[in-house]
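The values are calculated or read from the model by the stated rules, or taken from the named source; none is laboratory data. Just so it is clear, the model here is predicted, and its values are computed rather than measured. For neighbour counting, all protein chains shown are included, and Cβ atoms are generated from backbone atoms with ideal geometry for every residue, glycine included. What goes into the accessible areas is simple: the full protein's heavy atoms, side chains included, and nothing from ligands, DNA or RNA. Shrake-Rupley method; radii C 1.70, N 1.55, O 1.52, S 1.80 Å.
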Amino acid sequence: HCADFQATVFPKLKANYIDTNKIRYIFREFPLDIKAAAGSMLARCIGKDDPKKYIAVVDLLFATQNTWAAANDTSEQLKKLSKQTGMSDEAFNACLSNQSMLDAIKQGQDQAYEKFKVDSTPTFFVNGTKLKGGATYEDFKKLIDPNLKS
């Protein structure tokens, strides 16, 4: 659902609401398994000082999710992706062995579950209203438009 949202719904939200400064969009990681956690760690390492680079890596991960997430050699598939960004093998290995980063991702996930009852992905909040799963652009539009200032 996340990759589908990123490919089909997000571009419309971005063009019509985010890029026009009508809404603020906050992306938070909520990996459901160790493979997704590795992807989150990779995005953090590559984009550590550059939010645009971080988002570009997240976009790349979603666009190629079928390749690396379904693979038996997920680490090798992610390493190939990391090389596209100029990351060395040493930096890749250090990134994926960073326990404190993994702990921080897990802490964010625990907080989302405990505070907001997030238990699946993607989950969105629009002015406190929760949208889960395969929300459409129209679902978002119905929640966003009534809250926009004229």
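Working only within region 95-118, note down all residues that are touching a residue at least 12 places away in the same chain (Cβ under 8 Å) and open to solvent by less than 80 Å² (accessible area, probe 1.4 Å). If the condition is that a residue be touching a residue at least 12 places away in the same chain (Cβ under 8 Å) and open to solvent by less than 80 Å² (accessible area, probe 1.4 Å), then C95, L96, N98, M101, L102, I105, G108, Q109, A112, V118 are the ones that fit.
Go over the candidates G128, G133 one by one and state the one that is on the phi > 0 side of the Ramachandran plot, open to solvent by less than 60 Å² (accessible area, probe 1.4 Å), modelled with pLDDT under 95 and not polar (S, T, N, Q).
Only one candidate qualifies: G133.
Since A91 meets every condition but one in (1) farther than 17 Å from K14 by Cα; (2) without any contact (Cβ under 8 Å) to a residue 24 or more places away in the chain, which condition does it not meet? Only one criterion in (1) farther than 17 Å from K14 by Cα; (2) without any contact (Cβ under 8 Å) to a residue 24 or more places away in the chain is unmet by A91, namely (2).
Determine, yes or no, whether I34 is more than 26 Å from P11 (Cβ to Cβ) and β-branched (V, I, T).
Details: more than 26 Å from P11 (Cβ to Cβ): yes; β-branched (V, I, T): yes.
When the stated conditions are applied, I34 passes them.
In a residue-by-residue description of region 11-26, the property of being in contact with an Asp or Glu (Cβ under 8 Å, 6 or more places away or on another chain) and of a type outside the set (F, W, Y) applies to no position.
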